[in-house]
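For reference, the structure is listed below as structure tokens.
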Amino acid sequence: MDAIRWQGDSLALLDQTRLPTEEVWDDYTDYRKVVDAIRRLVVRGAPAIGIAAAYAVCLAAMEFRDQTLEDFRASMDRAMKDLAASRPTAVNLFWSLDRMKLTLSAAGSGAEAIPVLTREAEAIHREDIAMNRKIGRYGAELVPPGARILTHCNAGAIATGGYGTALGVVRAAHAKGNVEMVYCDETRPLLQGARLTAWELVKDGIPATLITDNMAASLMAQGKIDMVFLGCDRMARNGDFANKIGTYGVAVLAAYHGIPFYTVLPSSTIDMSIPDGKHIVIEQRDPHEVTHFAGVQTAPEGVGVYNPAFDVTPHKLLTGIVTEKGVIHPPFDERLAELFG
Ligand code: MRU
């Protein structure tokens, strides 16, 4: 299962806004359209955003290849700035653009840049899938037989290069026969849990139960959740992390009920340049996403709206962090510095 395919001279993206009812792939040859696709969540999920942006840089190089070196560099700079402005929170976008920038700096012309940029974008994509496989293996070791797992938002195959982070753990644990049930928070306002996570799990034959976000506490109180695995958009060097709005609430609930709570991420999601979660920029999105449901107005005109796409969970609420280098336990700042500093 995947959502991003490089086709040599174009990028194909699965339109995630149309799932679960329609599986539509669109071709992109203009990097500006990829910027728009990232903004509209056609492609979303921290690693997937980074991979799509890397391929968009290749599309830009193809467009500007015949310019003089000076003009080519200026055009590429503008394209990278446009891509960087698409969404502010997931650090994978900036990590990936930095890799592409470095690759570009060694090229002596537009024509020379295209193959090296393409190789780099494909490497970013391939490495992400490989990291997810390792993450899955490490994470699955935490999952006992009969586990009932809660997840929030979508940290699955389509949020990454393939396989998934939190859902990579679920997939690996399911392959060992250890998953009794995955509870998916629907994830208001844009329903990534209902539309995307439930879709992935049903497609893969993994037992899945959909709940609205306000049902998690009740399930935990009944003893029906054994552990929580969810994704991450940016982790600071002390272990504080941003993920889909509602993650912090799930963390507080899990701590109250004594339920192990893990975030799952590749190293491309760790931002060692910031000391803690207060330094993470949180994307604010269109009020329309909250005042309307499936195109129907559900709130009166004129009401104020608060619509952050992400919240920050303090590291104190984390049981552990699952990465491609293994599972990290506290003290997170020391372990993160050792492994990723
Ligand atoms: O707004 P989205 O759908 O891009 O938010 C996605 C999440 O919050 C995911 O949990 C996160 O990016 C990790 S994806 C492996």
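The values are calculated or read from the model by the stated rules, or taken from the named source; none is laboratory data. These numbers come from a predicted model, not from an experiment. Cβ sites come from the backbone with ideal geometry, for glycine too, and all protein chains shown count toward neighbours. With ligands, DNA and RNA removed, areas are computed over all heavy atoms of the protein, side chains included. Shrake-Rupley method; radii C 1.70, N 1.55, O 1.52, S 1.80 Å.
Specify which of the listed residues (15, 9, 2, 26) is farther than 30 Å from residue 206 by Cα and surrounded by fewer than 22 Cβ atoms within 10 Å (Cβ to Cβ).
Only one candidate qualifies: 9.
Quick one: in region 61-85, which of the residues that are surrounded by 21 or more Cβ atoms within 10 Å (Cβ to Cβ) and small (Gly, Ala, Ser) is nearest to residue 241 (Cα to Cα)?
Among those residues, the one meeting the criterion is 79.
Counting only residues that are out of contact with any strand residue (DSSP E or B) (no Cβ under 7 Å at 6 or more places or on another chain) and within 14 Å of residue 265 (Cα to Cα), which one in region 213-238 is least open to solvent (accessible area, probe 1.4 Å)?
236
Going residue by residue through region 239-255, is there one that turns out to be more than 16 Å from the ligand (Cβ to nearest atom), in contact (Cβ under 8 Å) with a residue 12 or more places away in the chain, open to solvent by 10 Å² or more (accessible area, probe 1.4 Å) and among the basic types (Lys, Arg)?
no
Would you confirm, using the coordinates I've provided, whether residue 102 is over 21 Å from residue 157 (Cα atoms), open to solvent by 50 Å² or more (accessible area, probe 1.4 Å) and among the hydrophobic types (A, V, I, L, M, F, W, C)?
yes
For (1) more than 11 Å from the ligand (Cβ to nearest atom); (2) in contact with a Gly (Cβ under 9 Å, 6 or more places away or on another chain), each residue gets a yes or a no:
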{"position": "38", "(1), (2)": "no, no"}
{"position": "48", "(1), (2)": "no, yes"}
{"position": "57", "(1), (2)": "yes, no"}
{"position": "62", "(1), (2)": "yes, yes"}
{"position": "76", "(1), (2)": "yes, yes"}
{"position": "81", "(1), (2)": "yes, no"}
{"position": "90", "(1), (2)": "no, yes"}
{"position": "111", "(1), (2)": "yes, no"}
{"position": "122", "(1), (2)": "yes, no"}
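Just to verify a result, which residue in region 282-319, among those that are in a loop (DSSP other than H, G, I, E, B) and among the β-branched types (Val, Ile, Thr), is nearest to the chain's Cα centre (by Cα)?
Residues of region 282-319 that are in a loop (DSSP other than H, G, I, E, B), as a first pass: 282-283, 285-287, 294-295, 298-307, 309, 314, 318-319.
Subsequent filtering for residues that are among the β-branched types (Val, Ile, Thr) retains 282, 298, 303, 305, 319.
Details: 282: 14, 298: 28, 303: 31, 305: 25, 319: 20 Å.
Ranking the candidates gives 282 first.
Spot the failing condition for residue 307; the list is (1) touching a helix residue (DSSP H, G or I) at 6+ places or on another chain (Cβ under 6 Å); (2) without any contact (Cβ under 8 Å) to a residue 60 or more places away in the chain; (3) surrounded by fewer than 19 Cβ atoms within 10 Å (Cβ to Cβ), and only one is missed.
Status for residue 307: all satisfied but (2).
Just checking, does region 147-166 include any residue being away from the ligand (no atom under 16 Å from the Cβ) and either more than 30 Å from residue 217 (Cα to Cα) or not hydroxyl-bearing (Ser, Thr, Tyr) (or both)?
Just the residues of region 147-166 that are away from the ligand (no atom under 16 Å from the Cβ), to begin with: 147-148.
Applying the additional criterion that residues be either more than 30 Å from residue 217 (Cα to Cα) or not hydroxyl-bearing (Ser, Thr, Tyr) (or both) yields 147-148.
Taking every residue of region 147-166 in turn, at least one turns out to be away from the ligand (no atom under 16 Å from the Cβ) and either more than 30 Å from residue 217 (Cα to Cα) or not hydroxyl-bearing (Ser, Thr, Tyr) (or both).
Being of a type in the set (S, T, N, Q), at pLDDT 95 or above and either within 16 Å of the ligand (Cβ to nearest atom) or open to solvent by less than 10 Å² (accessible area, probe 1.4 Å) (or both), is that true of even one residue in region 132-139?
Within region 132-139, the first condition is being of a type in the set (S, T, N, Q), and the residues that meet it are 132.
Add one more test, that the residue is at pLDDT 95 or above, and what stays is 132.
Okay, now just the ones that are also either within 16 Å of the ligand (Cβ to nearest atom) or open to solvent by less than 10 Å² (accessible area, probe 1.4 Å) (or both), so 132.
Yes: region 132-139 contains one or more residues that are of a type in the set (S, T, N, Q), at pLDDT 95 or above and either within 16 Å of the ligand (Cβ to nearest atom) or open to solvent by less than 10 Å² (accessible area, probe 1.4 Å) (or both).
Looking at 147, 173, 159, 121, can you tell me which residue is within 21 Å of residue 41 (Cα to Cα), among the hydrophobic types (A, V, I, L, M, F, W, C), more than 12 Å from the chain's Cα centre (by Cα) and open to solvent by less than 10 Å² (accessible area, probe 1.4 Å)?
Every option except 121 fails the conditions.
Here is a yes/no grid of residues against (1) touching a residue at least 40 places away in the same chain (Cβ under 8 Å); (2) closer than 30 Å to residue 133 by Cβ; (3) aliphatic (A, V, I, L, M):
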| site | (1), (2), (3) |
| --- | --- |
| 4 | yes, yes, yes |
| 22 | no, yes, no |
| 31 | yes, yes, no |
| 71 | no, no, no |
| 77 | no, no, no |
| 89 | yes, yes, no |
| 99 | yes, yes, no |
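Kindly evaluate residue 97 against the criterion of being within 20 Å of the chain's Cα centre (by Cα), within 16 Å of the ligand (Cβ to nearest atom) and either among the acidic types (Asp, Glu) or open to solvent by less than 70 Å² (accessible area, probe 1.4 Å) (or both).
no
If you go through region 256-281 one residue at a time, how many are surrounded by fewer than 15 Cβ atoms within 10 Å (Cβ to Cβ) and not in a loop (DSSP other than H, G, I, E, B)?
Residues meeting the conditions: 3.
Inspect region 322-341 for any residue being at pLDDT 95 or above, of a type in the set (Ser, Thr, Tyr) and open to solvent by 70 Å² or more (accessible area, probe 1.4 Å) and give the result as yes or no.
No, because not a single residue in region 322-341 is at pLDDT 95 or above, of a type in the set (Ser, Thr, Tyr) and open to solvent by 70 Å² or more (accessible area, probe 1.4 Å).
Which fully enclosed strands (runs of 3 or more DSSP E) of region 1-92 have 1 or more residues being touching a Lys or Arg at 6+ places or on another chain (Cβ under 8 Å) and not small (Gly, Ala, Ser)?
Working: elements: 4-6, 11-14, 25-28.
Because the criterion is at least 1 residues that are touching a Lys or Arg at 6+ places or on another chain (Cβ under 8 Å) and not small (Gly, Ala, Ser), the strands (runs of 3 or more DSSP E) in region 1-92 that meet it are 11-14, 25-28.
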